[in-house]
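Inspection log for the structure reproduced underneath, given as structure tokens.
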Amino acid sequence: FSWRRNGKFFNIGKDPRVTMRKRSGTLEIGFRSGGRPEDYEGEYQCFSSNDLGVALSNKILLRVSKAPLWPKEVLEPVVVTEGTPLVLPCNPPPGLPPPFTFWMNS
């Protein structure tokens, strides 16, 4: 078994966080001793070969899920006359998966 990451050979032996199961070729990436999952984002593909040829897995896109981080804002009160239209903008920060945004009132 061998792996490619972003189209290039992925040398598993050079990274102490990455191991490969011998019988299945499954990659395991561990973060107990530190490291950033974001450093492993990318497109992965497994190659299995023997005397009869090579088999390829589907390409796997690895992305780390992230909660959206809202910037701290100081909002000034908005005063409107009853019956006058009002637009309240909402610009949520990006997240993966994209956040579900809804309004609440207190």
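Before moving on, here are some points about what is shown:
- PHE31 satisfies every condition listed in (1) in contact with a Phe, Trp or Tyr (Cβ under 6 Å, 6 or more places away or on another chain); (2) assigned to a loop (DSSP other than H, G, I, E, B) except (1).
Rundown of residues vs (1) open to solvent by 100 Å² or more (accessible area, probe 1.4 Å); (2) touching a Ser or Thr at 6+ places or on another chain (Cβ under 7 Å); (3) without any contact (Cβ under 8 Å) to a residue 24 or more places away in the chain, yes/no style:
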| residue | (1), (2), (3) |
| --- | --- |
| ASN6 | no, no, no |
| ARG21 | yes, no, yes |
| ARG32 | yes, no, yes |
| PHE47 | no, yes, no |
| ASN50 | yes, no, yes |
| LEU56 | yes, no, yes |
| ARG63 | yes, no, no |
| LEU86 | no, no, yes |
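- Any hit, segment 71-80, residues being under 23 Å from TYR40 (Cβ atoms) and either of a type in the set (Lys, Arg) or in contact (Cβ under 8 Å) with a residue 12 or more places away in the chain (or both): no
- Residues in segment 1-24 that are of a type in the set (S, T, N, Q), under 23 Å from the mean Cα position of the chain (by Cα) and not in a strand (DSSP E or B): ASN6, ASN11.
Per-residue answers, yes or no, for (1) among the acidic types (Asp, Glu); (2) assigned to a helix (DSSP H, G or I); (3) under 18 Å from the mean Cα position of the chain (by Cα):
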| residue | (1), (2), (3) |
| --- | --- |
| GLU38 | yes, yes, yes |
| ALA55 | no, no, no |
| LYS72 | no, no, no |
| VAL79 | no, no, no |
| GLU82 | yes, no, no |
| MET104 | no, no, no |
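- Whether a residue is farther than 30 Å from PRO92 by Cα and among the hydroxyl-bearing types (Ser, Thr, Tyr) was assessed, and SER65 does not pass this test.
The values are calculated or read from the model by the stated rules, or taken from the named source; none is laboratory data. Keep in mind it's a predicted model, so treat the numbers as computed, not measured. Glycine gets a Cβ as well: all are built from the backbone with ideal geometry, and neighbour counts include every protein chain shown. Note: areas computed on protein heavy atoms with side chains; ligands, DNA, RNA excluded. Shrake-Rupley method; radii C 1.70, N 1.55, O 1.52, S 1.80 Å.
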